[in-house]
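What follows is one structure encoded as structure tokens, with my remarks underneath.
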Amino acid sequence: MTYKNDLYQNYVSTHLVGRKPTPTLERFRAKKAIWQNMFGRLLPQDKESNIADVGCGDGRIVWWLQEIGFNNAEGVDISLEQVKIAAELGVRNIFHADLKMFLKTRTNHYDLLILRNILEHFEKSEIIEILEICRNALKVGGRLIVQVPNAESPFFGRIRYGDFTHEVAFCASSLAQVFNSVGLTQHEYYSIEPIFSAERSTLRRLLWKAVKGLYKVLLFAELGPGERIVSQDILAVASKLDAD
């Protein structure tokens, strides 16, 4: 779609400027603990593992992975503006390419793929295609990490409609449905909790616990027992356990 191509190529100037701080290595370093908390337990043990951040933006996750010893970590993004920022910051192994074309050349190559806030940009038929391509790009035993808007959150619309290029939101059951359809199994689902780092955040921390509990009580009242994730984004992990 032409409008999406135009928006992606100018993603920084049309969407990020004014909403998010200018990327710097100092800001990347300040987020290392956050990324470790979110993704650290999901990373391969072997530092020589092949990892790609698909839709890597300014390369911040690739930078972090390389900082903690994953020298083969790389990233790909369709936005030339974002790729240029990564290059200016000295992030290595960042490629400007369409993610589908990029991954199709890397069959059975990766130990881990990360799609952070990517799938929601595509229509449903494209999502299945992308997941099939991701499965083909993974080694047997490889894992896919996905972060997407969580439709089970009362405020998921803030994420779903916060970007004009977004098409869809998910919950754990719909993620399981699409993972299963392409042969990605052994699913895990996680809440993406707010980060409270300063003492002055004590009130916010208490409010979040109370509000999260209320959301879960409301869902329990309507649906009965069950594990509920109510954060605005949901983190999912799926594995490729069988050869193609």
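Things to note:
- Of all residues in region 173-218, none satisfies the criterion of being farther than 22 Å from N117 by Cα, of a type in the set (D, E, K, R) and not in a helix (DSSP H, G or I).
Rundown of residues vs (1) surrounded by fewer than 12 Cβ atoms within 10 Å (Cβ to Cβ); (2) at negative phi; (3) touching a strand residue (DSSP E or B) at 6+ places or on another chain (Cβ under 9 Å), yes/no style:
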position: P154; (1), (2), (3): no, yes, no
position: T165; (1), (2), (3): no, yes, no
position: F179; (1), (2), (3): no, yes, yes
position: T185; (1), (2), (3): no, yes, yes
position: S191; (1), (2), (3): no, yes, yes
position: G224; (1), (2), (3): yes, no, no
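- Those residues of region 226-244 which are touching a strand residue (DSSP E or B) at 6+ places or on another chain (Cβ under 8 Å) and either in a helix (DSSP H, G or I) or under 30 Å from T107 (Cβ atoms) (or both), in sequence order: D233, I234, L235, A236, V237, A238, S239, K240, L241, D242, A243
- Residue within region 39-58 that is among the aliphatic types (A, V, I, L, M), assigned to a helix (DSSP H, G or I), surrounded by 19 or more Cβ atoms within 10 Å (Cβ to Cβ) and under 18 Å from the mean Cα position of the chain (by Cα) present: no
- For the residues N150, N108, N136, N117, the requirement of being crowded, with 16+ Cβ neighbours inside 10 Å, polar (S, T, N, Q) and within 20 Å of N50 (Cβ to Cβ) singles out N136.
- Checking the stated criteria, N50 turns out to be out of contact with any helix residue (DSSP H, G or I) (no Cβ under 9 Å at 6 or more places or on another chain) and of a type outside the set (A, V, I, L, M, F, W, C).
- Near pairs, Cβ below 9 angstrom, 6+ apart or cross-chain, from region 205-221 (within 16 Å of Q232 (Cα to Cα)) to any residue that is hydroxyl-bearing (S, T, Y) and surrounded by 15 or more Cβ atoms within 10 Å (Cβ to Cβ): K212/S191; K212/S231; Y215/S153
- All helices (runs of 4 or more DSSP H) inside region 66-172 with 3 or more residues being at pLDDT 95 or above and in contact with a Leu (Cβ under 8 Å, 6 or more places away or on another chain): 124-137
- Any pair with Cβ under 7 angstrom, 6 or more apart, that starts in region 154-169 at a residue that is within 17 Å of L219 (Cβ to Cβ) and ends at one that is among the small types (G, A, S) and part of a loop (DSSP other than H, G, I, E, B): F156/A169; A169/A151
The values are calculated or read from the model by the stated rules, or taken from the named source; none is laboratory data. Since this is a predicted model, take the numbers as computed values, not measurements. Don't worry about glycine lacking a Cβ; one is built from the backbone with ideal geometry, like all the others, and counts go over all protein chains shown.
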